[in-house]
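Student: Mind looking over this structure? Questions follow.
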Amino acid sequence: MTVPPRAPNTPTGREAVPFARGEGTEAVVDADIRELVDDVVASARRDGASIDVDGDFALVVPVRPNAFKRCLTNLVVNAMVHADHIAVHASRDGEAIEVTIDDDGPGIPSDQREEVFKPFYRLDSARNLDAGGTGLGLTIARDVMRGHGGDIRLEQAPAGGVRARPRPAG
């Protein structure tokens, strides 16, 4: 069996985890969070998602934009797998930026909302076990947000599904 050559600039070993998180050597720059949100939403729509977006414009904060976008993408893709409709909102809360991603899926029981951030953790049959994935999306999303000095909270969304609140330091 012939192993295909590794693509140029593809990390190996210890470099792979920061690369997967979207970190690597990415510099922190002032970026408009709403533009990053709009990019993620547009991509989700191209993939067939029913997704709404609203919120403030000119939400400029220092972030690693590719990593931040990876975090948002992982949260939106997770919602796409488990829900029929998603709503994303971005706004400023004082000095901080707040993003909410709501879905109308089955939700996550409150006693398991921290567990789902563990690598390879899967919920019971209430979630779609045939959906594929590696079980690393939420782990990576939280790592990215913590790398920005913030965190992600999971709550019950108004439509009964999950509300994810990624919030960088601010």
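Student: Which GluC sites (Glu not before Pro) does the stretch 69-116 hold that lie in a coil by DSSP with at most 13 other beta carbons within 10 Å?
Tutor: When the GluC sites (Glu not before Pro) of the stretch 69-116 are filtered for loop state and at most 13 Cβ neighbours within 10 Å, 95, 114 remain.
Student: Karplus couplings for the stretch 135-142 from phi (6.51 cos²θ - 1.76 cosθ + 1.60, θ = phi - 60°), rounded to Hz, Gly and Pro as x?
Tutor: x, 10, x, 6, 4, 5, 4, 5
Student: Run the dipole for the stretch 18-108 about the Cα centre, Lys and Arg Cβ at +1, Asp and Glu Cβ at -1, nothing else charged, and hand back the magnitude in debye, nearest 20.
Tutor: 400
Student: Under Stokes-Einstein, with the Kirkwood radius over Cα pairs standing in for Rh, what whole-number D in µm²/s applies to the stretch 36-170 at 4 °C and 1.567 mPa s?
Tutor: 87
Student: Enumerate the amide H contacts of residue 31 below 5 Å, restricted to partners 5 or more residues apart or on another chain; note that Pro and chain-start residues carry no placed amide H.
Tutor: 61, 63
Values quoted throughout were computed directly from the atomic coordinates according to the rules given, and no laboratory measurement underlies them. The model shown is predicted, which means the values in this text are computed figures rather than measured ones. Methodologically, a virtual Cβ is constructed for each residue, glycine included, from the backbone with ideal geometry; neighbour enumeration extends over all protein chains shown.
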